[in-house]
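Report on one structure; see the data block that follows.
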Amino acid sequence: MNEHLVKFWLFATHWTELDTFDTEEELNDEIELLHRQNLPTKVRQRTKKDGGEELVLYVKQADRDYARYCTGWRPGM
């Protein structure tokens, strides 16, 4: 699917990228933490520029700051 179309759809439906993961284990830990706080999530797999695959975690835009607080997210991590 076209990456630009996916990004537009996510933006239009109020989802924002929270973080990216290389392994499913790391992703599952983060999802479990967010679901304990009753925060909705979406996950998709996309191709990195170097050709590898990464898992992308999305949360609703209104919940982004709370999700960052819950996960201890910091810029540049």
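The values are calculated or read from the model by the stated rules, or taken from the named source; none is laboratory data. If you're wondering where the values come from, they're calculated on a predicted model, not measured in any experiment. When we count neighbours, we look across all protein chains shown, and the Cβ atoms used for this are built from the backbone with ideal geometry, even at glycine. Keep in mind that these areas ignore ligands, DNA and RNA; they rest on the heavy atoms of the full protein, side chains included. Shrake-Rupley method; radii C 1.70, N 1.55, O 1.52, S 1.80 Å.
Hey, got a sec? Which trypsin sites (Lys or Arg not before Pro) in segment 31-77 land in a DSSP loop and have at most 13 other Cβ atoms within 10 Å?
LYS48, LYS49
Given H placed on each backbone N at 1.01 Å, which residues far from TRP15 in sequence or on other chains put an amide H within less than 5 Å of it?
GLN61
Provide the per-residue ³J(HN,Hα) series for segment 34-39, in order, calculated from phi with Karplus coefficients 6.51, -1.76, 1.60 and θ = phi - 60°, each as a whole number of Hz, with x at glycine and proline positions.
Residue by residue, segment 34-39 yields 5, 5, 5, 8, 6, 9 Hz.
Tell me, what % of the accessible area of the chain is carbon and sulfur with a 1.4 angstrom probe?
50
Roughly how many debye, to the nearest 20, is the charge dipole of the chain about its Cα centre, given +1 on each Lys and Arg Cβ, -1 on each Asp and Glu Cβ, and no other charges?
440
Rounded to whole Hz and in sequence order, give me ³J(HN,Hα) for segment 50-66 from the Karplus expression 6.51 cos²θ - 1.76 cosθ + 1.60, θ = phi - 60°, writing x for Gly and Pro.
Karplus-based 3J(HN,Hα) across segment 50-66 equals 7, x, x, 9, 9, 9, 10, 9, 10, 10, 5, 4, 5, 9, 4, 5, 5 Hz.
In Å², and per residue, what accessible area does segment 3-70 have when probed at 1.4 Å with the other protein chains present?
It amounts to 69 Å² per residue over segment 3-70.
Taking 22 Å as R0, compute the FRET efficiency from the Cβ-Cβ separation of ARG74 and LYS48 and round it to 0.05. All intermediate terms of the calculation are to be shown ahead of the outcome.
On the way: r = 21 Å, r/R0 = 0.97.
It comes out at approximately 0.55.
What 222 nm value per residue comes from the helices of the chain, counting each DSSP H run with n ≥ 4 as -39,500 (n - 2.57) and dividing by all residues, nearest 500 deg cm²/dmol?
Theoretical 222 nm ellipticity from helices: -12000 deg cm²/dmol.
Please list, by residue number, everything in segment 17-35 whose backbone N is under 17 Å from a paramagnetic label point 7 Å out along Cα→Cβ of TRP9.
17, by backbone N distance to the label point.
What net charge do the residues around GLU54 carry, taking every other residue with its C-beta under 13 Å from that of GLU54, with Lys and Arg at +1 and Asp and Glu at -1? Walk me through the intermediate numbers first.
On the way: positive: ARG44, ARG46, LYS48, LYS49; negative: GLU3, GLU17, ASP19, ASP22, GLU24, GLU26, ASP50, GLU53.
Residues near GLU54 contribute -4 overall.
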